[in-house]
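A quick write-up on the structure given underneath.
The values are calculated or read from the model by the stated rules, or taken from the named source; none is laboratory data. On a predicted model such as this, the values are computed, not experimentally measured, just so you know. Cβ coordinates were reconstructed from backbone atoms using ideal geometry, including for glycine residues, and neighbour counts include every protein chain displayed. Accessible surface areas use protein heavy atoms only, side chains included; no ligands, DNA or RNA. Shrake-Rupley method; radii C 1.70, N 1.55, O 1.52, S 1.80 Å.
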Amino acid sequence: MSGGTLAFFILAAFGLGGVTTMLTARRVIHMVLALSLSFLAIAGLYVLLGADFLGVVQIIVYTGAITILAVFGIMLTPHGGLETEPKSAPRQGRRMPLVAFLLAAGLFAVLFWAVAGTRFARSPFASDEPVDAAAIGGLLLSSRYLLPFEVISVVLLVALIGAIVLAKDDASDTAGSVQAEEHAGTSPAEPPTVRADNAEAHRADRTAASARDTGESGQHVEKEAQLVGAVREANRE
Amino acid sequence: MRDWLYEPLSAERFGWMVLSILILLGVLLFLVTYAIYVQRKLLGWMQSRVGPNRVGPYGLLQTIADVLKLLTKESFVPTHADRPLYLLAPIVAFAPAFVVFAVIPLTDRIAFTDIGIGLLFYIGVASLSTLGVIMGGWASNNKWSLIGAMRAAAMMISYEIPLVLAALGVVMLAGSINLVDIVEAQRGVWNVVPQFVGFVIFLIAALAELNRTPFDLTEAESELIAGYQVEYSGFRFAIFMLGEYVYLFAMGALIAILYFGGWLPPHPALDFIPGIVWLVVKTLFFAYLPFWLQATFPRVRIDQLMTFSWKVLMPLALVNIAFTSLVKTIAGGVS
């Protein structure tokens with residue numbers, strides 16, 4: 001058995017393990033981190049296929065950037081009580097394990113038949129040697145891919161500016177958003193515990209703000225304190 | 001790396017891999033132990049104190065005693081901590097710092113692996129330690145650790161951009177992102193001369209990535225106690241610290257390779273000294289520089305930190321790239 005085969009099976013186990021953990025985990029943050037594990041395993045598989053560059057880009061973009069973005073998203077959005085779902089599944093779901101099994105087995109059979117029946121032709125551009133990153137860059141800037149490349153960068157620029165505009169809007173009415181949070185706390189749909197938590201967050205807010213100088217830095221600390229309140233909510237069991 | 005992937009994995013080959021990893025780990029543990037000693041001694045001298053001088057001659061065994069103390073302490077898990085993440089976080093924070101050594105070439109012949117995209121690999125893997133920090137801060141269920149972790153994540157993400165943009169200038173000069181090629185391209189003159197602006201940006205961004213003073217807001221013991229590490233004790237705390245110091249050496253080696261000619265001697269007449277000695281000397285100097293700065297600079301505020309990264313370093317790095325490409329195009333057009 002070559003080292004490559006061994007590495008493939010280890011990576012495959014990690015990838016599948018990550019995905020399975022993501023599906024069965026109860027907390028959103030565990031799901032995101034499990035997903036990042038399978039992203040890493042996929043990056044390893046790319047390297048095994050000789051696509052070093054793609055593998056590292058996978059690590060930078062997915063494991064490094066997307067996962068952290070998702071973690072920030074989870075931490076910054078209040079979702080108290082939403083993560084604790086009932087321990088037992090709904091009755092309707094429990095009654096039909098056989099149907100679920102048959103559906104999954106059928107899907108697997110169809111996919112297996114399709115994959116086994118396909119002849120994977122080797123692309124004339126494929127090479128066993130790792131592709132030089134400079135060659136990729138040269139290809140990207142050649143006349144063949146230049147237009148799509150430029151269009152993508154414009155799209156990304158639009159997204160960037162859009163994000164800044166949205167964030168600016170948020171920053172101008174911080175006080176408004178705090179009020180909105182309080183409203184959410186008093187609305188009948190929310191459990192009363194959320195209100196208590198909000199009050200706690202506000203207290204943390206004030207102590208943190210008074211601990212430091214006022215001014216711009218105070219504002220930052222205030223934001224941090226608000227964040228802590230939101231995360232406390234999320235961390236409740 | 002590629003050669004063993006496609007060859008049969010014999011016990012002998014596997015044994016060599018494990019052995020070389022253990023040797024690297026041993027060397028790094030030794031370096032980290034004495035880096036902590038040097039840091040404390042240096043800070044002591046700069047603040048008109050003696051520094052550690054009780055355990056062993058000149059206090060040389062102080063860190064070893066400290067490590068033994070840490071290892072015998074109870075490894076405590078807070079009651080409401082997110083247990084799996086809490087246990088995993090130190091490992092996730094340490095592993096990337098260690099893995100990046102795989103691509104750092106010690107000389108043109110001695111390297112663990114010489115992959116074509118070495119620099120990119122370093123940057124990509126190093127960014128993963130942010131995840132460990134966030135995990136640790138979140139899982140501790142303590143507001144100080146969480147604030148520390150959020151600051152760390154925001155800072156590491158913001159300063160990664162000027163870091164990469166500054167390194168891009170070097171890549172453009174060498175025409176490659178392979179670290180061996182980058183060093184070979186500096187045979188004439190070290191990159192620090194034509195890329196001085198890039199070097200300064202890189203050094204500042206590297207200090208922020210390492211969470212060292214003046215950017216040690218994530219730990220800031222006077223306001224956050226110890227940031228994301230506050231709930232950690234014993235062995236797990238030791239692993240966090242180990243990761244931090246190993247990353248310090250990795251960053252020192254990267255600065256030496258990118259800007260100071262790696263294993264190349266300062267003058268061809270000094271060629272008789274083996275290249276690995278030069279690389280080690282340069283690496284140790286850039287690993288030591290942060291301690292020096294630590295004793296000199298006050299800590300910046302979080303808003304100054306963000307403003308500095310986005311409004312000063314990043315535009316400067318972009319100008320540097322534009323200027324480098326301009327010079328390279330003109331020089332290329334003439335020749």
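A few points about this structure:
- Between A:SER142 and B:LEU42, the C-beta separation translates, for a Förster distance of 51 Å, into a calculated FRET efficiency of about 0.45.
- Solvent-accessible area buried by pairing A with B, both sides, nearest 100 square angstrom, 1.4 angstrom probe: 3600
- Charge tally in the Cβ shell below 14 Å around B:LYS73, where Lys, Arg are +1 and Asp, Glu are -1, B:LYS73 excluded: -1
- Rounded to two decimals, the Cα radius of gyration of the stretch B:150-220 over 2.2 N^0.38 Å is 1.26.
- Shape of the stretch A:1-78, Cα gyration tensor, a/c cut at 1.5: oblate
- Gyration tensor (alpha-carbon) shape descriptor, the stretch B:260-335, a/c threshold 1.5: oblate
- Kyte-Doolittle at least -0.5, axis length at least 18 Å by Cα - qualifying DSSP helices, chain B: B:11-46, B:83-99, B:143-174, B:196-209, B:234-259, B:275-294, B:314-334
- Partner chain coverage, peptide A:4-12 - average Cβ within 10 angstrom: 2
- A:LEU54-B:THR72 pseudo-label distance in nm [points 7 Å out on the Cα-to-Cβ vector]: 5.4
- Listed residue pairs exceeding 31 Å between alpha carbons, taken from A:LYS168/B:LYS143; B:LYS282/B:LYS328; B:LYS143/B:LYS311; B:LYS41/B:LYS69: none
- Sequence-distant residues sharing a close amide H with A:SER2 (under 5 Å, placed H): B:LEU9
- Taking the stretch B:240-295 and dividing mean pair separation by its residue count, relative contact order in percent (alpha carbons under 8 Å, at least six apart): 41
- Cα gyration tensor category, rounded, prolate or oblate, for the stretch B:46-140 with a/c compared to 1.5: oblate
- Size of electric dipole in chain B: Cβ of Lys, Arg +1 and of Asp, Glu -1, about Cα centre, debye, nearest 20: 640
- Put the Cα centre of the stretch B:67-122 next to the Cα centre of the stretch A:1-77 and the gap is 17 Å.
- Counting Cβ atoms of other protein chains within 10 Å of each Cβ in A:47-58 and taking the mean gives 4.
- With θ taken as phi - 60° and the Karplus curve 6.51 cos²θ - 1.76 cosθ + 1.60 applied, the whole-hertz 3J(HN,Hα) list for the stretch B:105-114 is x, 7, 9, 5, 10, 8, 7, 5, 8, 10 Hz, x standing for glycine and proline.
- Within 10 Å of the Cβ of each residue in B:116-128, the mean number of Cβ atoms contributed by other protein chains is 6.
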